[in-house]
Amino acid sequence: MNDDTIRERYERHEIGWLAPLATRSAGVERPQHEEPDPTRTAFQRDRDRIIHTKSFRRLMHKTQVFIAPAGDHYRTRLTHTLEVTQIARTIGRALRLNEDLIEAIGMGHDLGHTPFGHAGETALGQFLPGFRHNEQSLRVVDFLENDGKGLNLSHPVRDGILRHSKPDEAIDGAVSGSPGSLEGEVLKISDGIAYINHDLDDAIRAGIIIAADVPDEAITTLGDRHAKRIDTLVRDIIANSESETAPGRVAMSPDVLAAANVLRRFLFERVYRPLNEVGDTLRAQRVVLELCDYYSGHPEEMPDEYQPGVRGDSLSRVVADYVASMTDRFAIERFRQLFVPRYWSV
């Protein structure tokens, strides 16, 4: 019986199984050096650190698209995270990429999302120009979690978290900064696959649109059902990607990409932009901005890890960190406590 650790057996398995351009876990570096774990690879260790954070648990009470929906079946930021990761792992396995790296990036990619989804992100961008949820996700794992010490995640996971976000123009995100690994590319494109499909499903459930409204080009190419559309997109990416020879790529075929972008533009025109103009969205943004203004004047009321000067950060930076960390219901409750008058008992 050999004396290899379980981790070393995993690493040997990676050598034999993973595609030539996949990311190996052996020898991966972190901001601060750590001795390898005897049981888990570096990426398994990163995944475990992420899912045990408070930030990860808070995702269950953060908006995906619909703010504080009454129904039980609308997506939250947590269920979005799980759907993205499931899609990405399916693609990664077929391409013989490192599923542990994909899973770690997937579990951590939206930790920096604000309360009230993109409405909250827009409001925080008004308070702190340049605020973006992907950069905030990296701040969470680098500085804010673990009582302000950070998680010391490996560089490929940190890179995938930072570069998962796409521009508005295209689902494949080709015009934005690319991740440094094929695993990161898989997660990035899977994020788009997940949200255009589950946001469509939720919008139909909410009565904002009906199935017949969906453009024919998207239906004809991708399918007329939620599961069929995801299956079409996943199969197409697997067929059109390359992880064996340089330069590797993760991509859709032109026809499928065009149909996916038709669906994405439809969602922006018929769901996202109209929702940004409704009263609840505007009220949610006001909650975020009022909280930012309040804590800018009362920083001593924020937790210790969000105090100015802890890391040399400015007051506005730590206020944005704190407000971004809030769940929808916590932000609403703090707003109520701070700004809504109570009845007097005389």
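The values are calculated or read from the model by the stated rules, or taken from the named source; none is laboratory data. Please read all numbers here as calculations on a predicted model, not as lab measurements. For neighbour counting, all protein chains shown are included, and Cβ atoms are generated from backbone atoms with ideal geometry for every residue, glycine included.
So, in segment 301-328, how many residues would count as being at pLDDT 95 or above and of a type in the set (D, E, K, R)?
Of the residues in segment 301-328, 4 are at pLDDT 95 or above and of a type in the set (D, E, K, R).
Looking only at segment 155-171, how many residues end up being surrounded by fewer than 23 Cβ atoms within 10 Å (Cβ to Cβ), assigned to a loop (DSSP other than H, G, I, E, B) and at pLDDT 90 or above?
0
Would you be able to say whether some residue in segment 271-288 is in contact with an Asp or Glu (Cβ under 7 Å, 6 or more places away or on another chain) and under 23 Å from HIS198 (Cβ atoms)?
yes
Looking only at segment 100-135, filter to residues that are aliphatic (A, V, I, L, M) and outside any helix (DSSP H, G or I); which one of those is surrounded by the fewest Cβ atoms within 10 Å (Cβ to Cβ)?
LEU128
Which of (1) crowded, with 18+ Cβ neighbours inside 10 Å; (2) over 17 Å from PRO156 (Cα atoms); (3) of a type outside the set (A, V, I, L, M); (4) under 27 Å from the mean Cα position of the chain (by Cα) is the odd one out, the single condition ARG7 does not satisfy?
(4)
Based on this model, can you work out whether THR81 counts as under 30 Å from ALA320 (Cα atoms), within 12 Å of the chain's Cα centre (by Cα) and modelled with pLDDT under 95?
Values: under 30 Å from ALA320 (Cα atoms): yes; within 12 Å of the chain's Cα centre (by Cα): yes; modelled with pLDDT under 95: no.
Considered against the rule, which asks whether it is under 30 Å from ALA320 (Cα atoms), within 12 Å of the chain's Cα centre (by Cα) and modelled with pLDDT under 95, THR81 comes out as no.
Take the conditions surrounded by fewer than 20 Cβ atoms within 10 Å (Cβ to Cβ), out of contact with any strand residue (DSSP E or B) (no Cβ under 6 Å at 6 or more places or on another chain) and either of a type in the set (A, V, I, L, M) or modelled with pLDDT of 95 or more (or both) and apply them to GLY150. Does it pass?
yes
Report, by residue number, each residue of segment 325-344 that is touching a His at 6+ places or on another chain (Cβ under 8 Å) and part of a helix (DSSP H, G or I).
Within segment 325-344, ASP328, ARG329, PHE330 qualify.
Suppose we filter ASP46, ASP110 for residues that are closer than 20 Å to SER165 by Cβ, in contact with a Leu (Cβ under 6 Å, 6 or more places away or on another chain) and among the acidic types (Asp, Glu); which single one remains?
ASP46
Scan segment 283-320 residue by residue and report those that are under 22 Å from ALA119 (Cβ atoms), loosely packed, with under 14 Cβ neighbours inside 10 Å and over 25 Å from the mean Cα position of the chain (by Cα).
Once the filter is applied, which keeps residues that are under 22 Å from ALA119 (Cβ atoms), loosely packed, with under 14 Cβ neighbours inside 10 Å and over 25 Å from the mean Cα position of the chain (by Cα), segment 283-320 yields only ASP293.
Here are some conditions: (1) without any contact (Cβ under 8 Å) to a residue 12 or more places away in the chain; (2) charged (D, E, K, R); (3) farther than 28 Å from ASN197 by Cβ. ARG57 meets all but one. Which one does it not meet?
(3)
Go through segment 48-59 and report how many residues are assigned to a helix (DSSP H, G or I), more than 14 Å from the chain's Cα centre (by Cα) and buried (at least 19 other Cβ atoms within 10 Å of the Cβ).
1
Looking only at segment 173-190, count how many residues are in contact with a helix residue (DSSP H, G or I) (Cβ under 6 Å, 6 or more places away or on another chain), surrounded by fewer than 24 Cβ atoms within 10 Å (Cβ to Cβ) and either at pLDDT below 95 or of a type in the set (Asp, Glu) (or both). Reasoning before the result, please.
Looking only at segment 173-190, we keep the residues that are in contact with a helix residue (DSSP H, G or I) (Cβ under 6 Å, 6 or more places away or on another chain), and these are 173, 179-181, 183-184, 186-187, 190.
Keeping just the survivors that are surrounded by fewer than 24 Cβ atoms within 10 Å (Cβ to Cβ) gives 173, 179-180.
So of that shortlist, the ones also either at pLDDT below 95 or of a type in the set (Asp, Glu) (or both) come out as 173.
So the count comes out to 1.
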